[in-house]
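Student: Quick one: structure below, then a few questions.
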Amino acid sequence: MTDEERQQQLTAKARVTATLAAADIDRYQLQTVDARLYAYVRQVAGNPAGHCLWEQLSVERFLAMCTRYGLNEREVRRFYAFYESLQFPGTQGPTSYRLTPVQCFQFAAVYGFWHQGRRITKEVCLFVPRKFSKTTSAAAFPLYDLLFGDANAECYLGANSYDQAKKGFDVMRQCVRRLDPRGLRYIVNEDVIKSRRQDRSAFCQCLTANSRTKDGLSASTIVMDEYSQTRTNELYSVLTTSMGIRQNPLTVIITTASDVFDGPFYAKLQGYKQLLLGRYTDDSVFPHLFEPDPDDPEGSPDTWRKVHPHMGITVSQAFYESEYRTAQRDGAEAMLAFRTKLLNIYAENEQRAWISATLARSVMRPISLTAIKGRPDAMAAIDLSESDDFSAVSTAIYSPQAKAFTFHTAYFFPEGALTGHPNERLYRTWAEAGHLTLTPGNVIDYRTIVSYINSVNQHVRLLQIGYDPWKSQEVINMLAATGARGVLRAVKQTYGTFTAPVESFEHGIKTGRITINQNPINAYCFGNAVLDTDNLDNTKPVKRARYQKIDGVITMLMCMRLFMDYER
């Protein structure tokens, strides 16, 4: 989290705390719907220290929607009665559970708002820590649609792995078997629950991220379980784009945090936060997010209670204390698990990386080369792909007054090579957001890169342009032909070349002397880079796995090398 983001959240918390404290909650008559719903809203409004910013903002938004649409008591009570009639598998056998206050709030926000005969809420995100009762909630949504939704309802429970999907689906199967023990109304198979009634063809199906989905789907309810773990948006996209004919479609994401920053959910989570902060308006989306506030100590029971609204119900404080001691004792991997699964924050094992993606994000700022005034001196460096992956161009500006570096990196990829690429979905997401420039053809179009570098030179004065002498000859010839011959410099890709830039860059980023442009590909590259050492103790970043990329890291270090070697 950057200092700017931290301050924004602290300011937002002060504002929403004051707003909820001044709210006349009694006028919404929530107690006539259910005392638990009223108690939850009262608790969040009256105890700001015990509830995180995002939880407060959800309550504020809920009250605003009560004003706008009114709360449909009949629909809310109907769902409550349905949930509490289900018998879920438990340690003592089939068990019915009473809804907790926080669950009453969540389900009221989903099923309580209607306009002109249509349900308002169509997309739900429950971002909650482990042991929150996610499995029972994940089962309840599709089961409700199966029993009471459209006659031809299609309900899908999706997950990243087969084991995860089956875990949730098995709960659904057992619930249906308890409702229909003789199998007169429903056929219950390993992966499908289907109505036997001739006037009702509704069904539920279990799917995984690698399932072979087909055209012709018409999903009415989708539940994506532990969506934060997936690196592909394919299953989610196939299912959600099939919902067009449904009047009351419902997409539910129920997940705990993870260390997968380059997956589709992390980006969605940022969007949910912007929605709650009021940056845009969409009443069809209901996010309920739990994580610590800025500056909350991770080892404090107060933080644990804030993060986990079922503390003392489905999980104990003693369990958190034990897990925290274990994490402190067992090292980075155990602490990563504690932070992601129990504190519900996106985190990574910072011991794996040279400069972690988290640290890289903390120094990212919106930087536009076209907005830079005075045409300052700068260095540029190019790292070209062999043929079918992205290329990077970094520009580095040094401020003698501030003794600080500003880095801007642009990324390019051949559009024709996207289909079937191992990172296709990720690259398409970046391209759609404007973070990755697609060039025509199946291999990288050097003309696009040359044109980009020449355009950069209109806003900064490029003192040198660094390149890898082993694989850059064609683009170097093109740059030379445009008049750049005098500033082209070969930068050998040896360990000895990178040792000094590695040390200087690490010191600069940790002391606030380095700023990087706000592009998620930068953080992705840093998260993939680990330091390797040769037999002379020289160091260079290398990628951890075959399909991971570190090109932006390399070009930034090449710029640093150029500054070190430059003689006026």
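Student: Treating the angle as unsigned and between 0 and 90°, give the value, to the nearest 10°, between the Cα long axis of helix 162-179 and the longest Cα principal axis of the chain.
Tutor: 10
Student: May I ask for the angle, rounded to the nearest 10°, between helix 317-330 and the longest principal axis of the chain, with both axes built from Cα atoms and the value confined to 0 to 90°?
Tutor: In the chain, helix 317-330 runs at an angle near 20 degrees to the longest axis.
Student: Ok, one more. Cross-link partners among aspartates and glutamates for Lys492, C-alpha distance below 19 Å, same-chain residues fewer than 8 apart left out?
Tutor: The qualifying aspartates and glutamates are Asp383, Glu386, Asp468, Glu474, Glu503, Asp532, Asp534, Asp537, Asp551, Asp565, Glu567.
Student: Counting other Cβ atoms within 10 Å, keep those with at most 11, restrict to DSSP loop, and tell me which trypsin sites (Lys or Arg not before Pro) in the range 383-486 are left.
Tutor: Answer in residue order: Lys403.
Student: Among rounded, prolate and oblate, which fits the range 165-234 when a ≥ b ≥ c are the square roots of the eigenvalues of its C-alpha gyration tensor, a/c under 1.5 means rounded, and a/b larger than b/c means prolate?
Tutor: oblate
Student: Next up: As a quick test, which of the pairs Lys166/Lys268; Lys341/Lys510; Lys510/Lys549; Lys268/Lys403; Lys13/Lys543 have an alpha carbon distance above 30 angstrom in this structure?
Tutor: Lys268/Lys403; Lys13/Lys543
Student: Same structure, new question: Is the range 357-565 best put as rounded, prolate or oblate by its Cα gyration tensor, with a ≥ b ≥ c the root eigenvalues, rounded for a/c under 1.5, and otherwise prolate when a/b is larger than b/c, oblate when not?
Tutor: rounded
Student: Next question. Can you work out the FRET efficiency for the pair Ala332 and Asp170, with r the C-beta to C-beta distance and R0 = 35 Å, to the nearest 0.05?
Tutor: Calculated value: 0.55.
Student: With the calculation restricted to Cα positions, what are the radius of gyration and Dmax of the chain in angstrom?
Tutor: In Å, with Rg to one decimal and Dmax whole: 26.8, 88.
Student: So, with +1 on the Cβ of K and R and -1 on the Cβ of D and E, and no other charges, what is the size of the charge dipole of the chain about its Cα centre, to the nearest 20 debye?
Tutor: 1060
Student: With only Lys, Arg, Asp and Glu charged, each at its Cβ (+1 for the first two, -1 for the last two), find how big the charge dipole of the range 357-565 is about the Cα centre; round to the nearest 20 debye.
Tutor: 620
Student: Still on this model: Once phi is turned into ³J(HN,Hα) by the Karplus curve 6.51 cos²θ - 1.76 cosθ + 1.60 with θ = phi - 60°, what whole-Hz value does each residue of the range 129-145 show in order, with x for glycine and proline?
Tutor: With coefficients 6.51, -1.76 and 1.60, one gets x, 4, 6, 9, 6, 4, 5, 5, 5, 4, 6, 5, 4, x, 5, 5, 5 Hz.
Student: Rounded to the nearest 5, what % of DSSP beta bridges with both residues in the chain are antiparallel?
Tutor: If we restrict to bridges inside the chain, about 40 percent are antiparallel.
Student: Explain nothing, just compute: Karplus ³J(HN,Hα) = 6.51 cos²θ - 1.76 cosθ + 1.60, θ = phi - 60°, for every residue of the range 524-530 in order, whole Hz, x for Gly and Pro.
Tutor: Couplings: 4, 5, 5, x, 8, 9, 10 Hz.
Student: Which aspartates and glutamates, if any, have their Cα less than 12 Å from the Cα of Lys167, not counting same-chain residues under 8 positions apart?
Tutor: By straight Cα distance, Lys167 reaches Glu190, Asp191, Asp225, Glu226.
Student: While we're here: If you take every DSSP beta bridge fully contained in the range 357-565, what fraction is antiparallel? Give it as a percent rounded to 5.
Tutor: Of the beta bridges lying entirely in the range 357-565, close to 55 percent run antiparallel.
Student: List the longest stretch of the chain that has no exposed loop site; here a site is one of the chymotrypsin sites (Phe, Trp or Tyr not before Pro) assigned by DSSP to anything other than H, G, I, E or B, with at most 14 other Cβ within 10 Å.
Tutor: For chymotrypsin sites (Phe, Trp or Tyr not before Pro) (loop position, at most 14 other Cβ atoms within 10 Å), the longest site-free span of the chain is 1-279.
Student: Report, ordered by chain and residue number, the aspartates and glutamates lying within cross-link reach of Lys194, taken as a straight Cα distance under 13 Å and ignoring same-chain residues fewer than 8 apart.
Tutor: Answer for Lys194, where 13 Å is the Cα cut-off: Asp145, Glu154, Asp180, listed by chain and number.
Student: Residue farthest toward the positive end of the dipole of the chain, with Cβ of Lys/Arg at +1 and Asp/Glu at -1: which of Phe127, Ser242, Phe148?
Tutor: Comparing the listed Cα positions along the dipole, Phe148 ranks first.
Student: State, as an integer percentage, the relative contact order of the chain based on alpha-carbon contacts under 8 Å between residues 6 or more apart.
Tutor: Averaging sequence separation for qualifying contacts and normalising by length gives 12 percent for the chain.
Student: With angles folded into 0 to 90 degrees, how steeply does helix 101-111 sit against the dominant principal axis of the chain? Use alpha carbons for both and round to 10.
Tutor: Approximately 90 degrees, to the nearest 10.
Student: Mind jotting down the distance between the C-alpha centroids of the range 87-101 and the range 271-287, whole Å?
Tutor: 32
Student: Check the chain for me: any Cys whose beta-carbon has no other cysteine beta-carbon within less than 4.7 Å?
Tutor: Cysteines of the chain left without a disulfide-compatible partner: Cys52, Cys66, Cys104, Cys125, Cys175, Cys206, Cys525, Cys559.
Student: Same structure again: Measuring from centroid to centroid over Cα atoms, what is the spacing of the range 463-527 and the range 409-458 in Å?
Tutor: 18
No value in this document is a laboratory result; all are computed from the given coordinates. Just so it is clear, the structure is predicted and the values come from calculations on it, not from any experiment. Methodologically, a virtual Cβ is constructed for each residue, glycine included, from the backbone with ideal geometry; neighbour enumeration extends over all protein chains shown.
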